[in-house]
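The values are calculated or read from the model by the stated rules, or taken from the named source; none is laboratory data. Keep in mind the model is a prediction, meaning the values are calculated, not measured. With ideal geometry, Cβ positions are generated from the backbone for all residues, glycine too; neighbour counts draw on all protein chains shown.
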Amino acid sequence: AAAAAAPDAAESSELSGEDNIPIPPAHQKTKLCNQFLEGRCTRGDDCEMAHSQGELRKVGELRDEAMKRAERRRRKIEKRRRSTVEDGARLPQGQVPLALGDPF
């Protein structure tokens, strides 16, 4: 079976959703930065290339880690929302809790 194509940058921001966790490109930090090795890289921490052997990652590794962090955070937020509604959190008089998934 053919592997699914990696999402592009626009899809990556959607995948992080409300978590605002940046999802890096699949190839980030998978190769050494030639400009850095020559002393000419001006991107610093924002560079998508590795500046040392210790920064080198397998293709998709940083992306997978970020996706897992975003999912953990989404679950934590969802759990907090559920417990707030279930515990009968105090709401201003006349307001009722929104059902999960209702637009705000």
| message | Can you pull out every residue in the stretch 43-85 that is assigned to a helix (DSSP H, G or I), under 19 Å from L32 (Cβ atoms) and hydrophobic (A, V, I, L, M, F, W, C)? | response | L62
| In the stretch 1-42, how many are outside any helix (DSSP H, G or I) and either at pLDDT 50 or above or surrounded by 10 or more Cβ atoms within 10 Å (Cβ to Cβ) (or both)? | 21
